[in-house]
Amino acid sequence: MSDPRYPIAVCLSVGIVLPALALRNAGLFMASVPVLAYAAALLIARLRLPRPELDVTRTPSAHRVCSGDDIQIVVTASNGGAALPLVGVLDAVPDGERLHEGSPSYLGPIARDQDVRLSYTVRPERGLHFQKQVTVVSWAWSGLAFQEHGLVCSTYVSAVPEIEKLPPLILRPRRTHAVAGSIMARTAGPGVDFFGCRGYVPGDDVRRINWRALARTDRLVVNEYEQERMADVILVLDVRAQAHVEVGARGTFEPACRCAASLADHLIRSGNRVGFLLYGQSIDWIQPAGGRFHLEKILASILRAKPVRSFAFEDLASIPMSVFPSGSQVILLSSLPNDEDYRVPIQLTARGYSVLVLHLNSEKLQASAQPPDDALALGLRIREMRRDTMVRQMRRGGVRVLAWDTEEPLSVALHRARLERDGGRRRA
Amino acid sequence: MRWVVVTLAALASGLVVGGAALAHLPAVVLPTGIGAALWVLLALWRPASRIHVLPMLLCVGGCVVLAAADATRPFGLVGLPLALFAWDATVVLRSMSRFSAFVPRSAVLRYTAAVTGIGGAAVATAVGSRALPVALTFPVALGFSVLLLALAITLLAAARRPAAASSRGEKQEADVPEGTSAHHRSPSP
């Protein structure tokens, strides 16, 4: 912000003196005296304005935190020049960070070789936040002139989504790698879960003989277990604006990002290779790989995600299926807003992928935002029926669908799905 | 500071509108009346707004018109510096309110002294050069006395400053956390 007073005072002086000269009016001459005096005082103050020689340092307590955690930021301004009668130091809090405690500004004098320290706490939202400069405004002794400087002092803070601890996921990809992992490989071998029985051959472990089958059939039979191997898992996060609902400060987008981060963390920790596709703003594709560094790459991609409306990605048909490794497990996080969206998971299944759709439900969120009335209830009921029809179609096409209400933790939904599956097995 | 702006703006506006009404100058009354009302409202509602320059120009314009006529000269001569300094206080308030809600007492004192000095110099010049008739010396001096009184209100506005400074001091004593830091040294002149 520049000081507008001097040019306006000069213009006013000229604007009064010239008519006074032209009209030879004593009253106008007298009126111009205070304005001229004011302009002269401003000019003198501007000329005598001290230039600050400040040494500014910004120190955040951490550069990477979970969104919602506090970060303490300390800004130190050291004056290496002449004493400044009145200085304002302002460290602007960037968009996406909320000031939680303390003050990011200072207003007062700074003596020669004196330090001023600002300490404040911010609570960042998900994303990468840059703080580029510290604003310093120096006033003249009289306060009649000031000058603003932007001192470059770049720091960043990345706030990753909060990672939730998830229960074991039941994934059934059609193809697995030869390396041991946590995914059931549909082949017999060393494992824990029962896979089947076969006749005994010399060399089989005696401990695996099924003694009940021997008693019943009088033949040596051994139990086989299902191998657990590493697999390729592709996470697809739908960031199209129409796939998400925003009600006040709450919405489905942030839970979806949190869910994607938690799944990536869980799957990589389980020893799998995870690929990641951010669908909606562009095709942001990360090839499947494992390890902590790869997890950081996925988290960095999630950091950049924001809901975007794009005509090129109006529906899910533009998902680049050819880049997915064949026979891999695909997990799609979406609310499938378009009528034709449910066809894409079915197409993926037809191409040999094993597909799990985490369907984002926002009915509770929308219902809580408005007072209950008949029209709202009817609208939600129609949406629910549409969703049920879509889910039925997808299940018929071989797609596994898990409905997840974004108002509850993902682990609860996964646990409930597991209980329902186990209950169904027991009933069968 | 906010109340200084409001007081000065209200005084300047009252003078210019009253003077124009007494002199039967409806062409001055209407724009300056609207400008004055707008100014006072702005000063009350949003003192740090940039738009104050418009009502200030309206008010100063009205004062210049009044000063040009013999009958209404005192109104113009007193109203003009008041309008000018009210706007100046607005700019100062706006520039400082970005950093703190409370302006340091010493800064307010220096600012008051500077503005009073300008006003005093203007009156002394006018009287010394005999441009100001003796009959007008009293209303002009009265106007600057009112100006001084209004600026003194700023001291009351800044009275809470020491409490805010002490709480800031406690924060400043906090330990520096671990982590890397960015660093900038402003260039020497």
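The values are calculated or read from the model by the stated rules, or taken from the named source; none is laboratory data. None of these values were measured; they are calculated from a predicted model. Reconstructed Cβ throughout: ideal geometry from the backbone, glycine too, with neighbour counts over all protein chains shown. Areas reflect the complete protein model, heavy atoms only, side chains present, ligands, DNA and RNA absent. Shrake-Rupley method; radii C 1.70, N 1.55, O 1.52, S 1.80 Å.
Observations, loosely collected:
- When both region A:173-222 and region A:297-330 are represented by their alpha-carbon centers, they are found 39 Å apart.
- Carbon plus sulfur fraction of accessible area for region A:5-48, probe 1.4 Å, in percent: 72 percent
- Rolling a 1.4 Å probe over the protein heavy atoms of region A:180-229, with every protein chain left in place, gives an accessible area that is 52 percent carbon and sulfur.
- Between A:Thr389 and A:Ala249, the C-beta separation translates, for a Förster distance of 30 Å, into a calculated FRET efficiency of about 0.40.
- Computed Rg/Rh of chain A, alpha carbon atoms with Kirkwood Rh: 1.22
- Sites A:Arg418 and A:Arg269, calculated FRET efficiency, Cβ-Cβ separation with R0 22 Å, nearest 0.05: 0.75
- Heavy-atom accessible area order for A:Met321, A:Met385, A:Met230, largest first, 1.4 Å probe: A:Met385, A:Met230, A:Met321
- With contacts taken as Cα pairs under 8 Å and at least 6 residues apart, region A:232-422 reaches a relative contact order of 23 percent.
- Taking 0.36 nm per residue of sequence separation and removing the Cα-Cα distance, the A:Asp204/A:Leu220 pair yields an extension gain of 4.7 nm.
- Extension gain, A:Arg351 to A:Arg304, is 13.9 nm, computed as 0.36 nm per intervening residue step minus the present C-alpha separation.
- One quarter of the convex hull surface built on the alpha carbon atoms of region A:5-48 amounts to 2.7 nm², the projected area averaged over directions.
- Per residue, the accessible area of region A:54-160 comes to 36 Å² when a 1.4 Å probe rolls over the protein heavy atoms.
- Whole-percent pair-distance distribution, where bins are 10 Å wide, for the alpha carbons of region A:180-229: 28, 46, 22, 4
- Expressed as a whole percent, the accessible surface of region A:315-382 that belongs to carbon and sulfur atoms is 55, based on a 1.4 Å probe.
- Built amide H within the under 5 Å cut-off of A:Phe195, gap 5+: A:Glu224, A:Tyr225, A:Glu226
- Relative contact order of region A:5-48, pairs being alpha-carbon contacts under 8 Å that are 6 or more residues apart, as %: 47 percent
- Label-to-label distance, nm, for residues given as A:Phe194 and A:Ser154 (7 Å Cα→Cβ offset): 6.3 nm
- Virtual paramagnetic centre 7 Å along Cα→Cβ of A:Leu23, amide N under 18 Å, in region B:72-86: B:72-81
- Given R0 = 35 Å, the distance between the Cβ atoms of A:Ala92 and A:Ile170 translates into a calculated FRET efficiency of 0.15.
- Threshold 20 Å² - residues in region A:25-50 whose accessible area is reduced by that much or more when the chain is no longer isolated, probe 1.4 Å: A:Asn25, A:Gly27, A:Leu28, A:Met30, A:Ala31, A:Val33, A:Pro34, A:Val35, A:Ala37, A:Tyr38
- Proximal aspartates and glutamates relative to A:Lys165, as straight alpha-carbon distance under 19 Å, when same-chain residues fewer than 8 apart are discounted: A:Asp69, A:Glu254, A:Asp265, A:Glu296, A:Asp405, A:Glu407, A:Glu408
- Summed over both chains, the accessible area lost when A and B associate is about 5200 Å², using a 1.4 Å probe.
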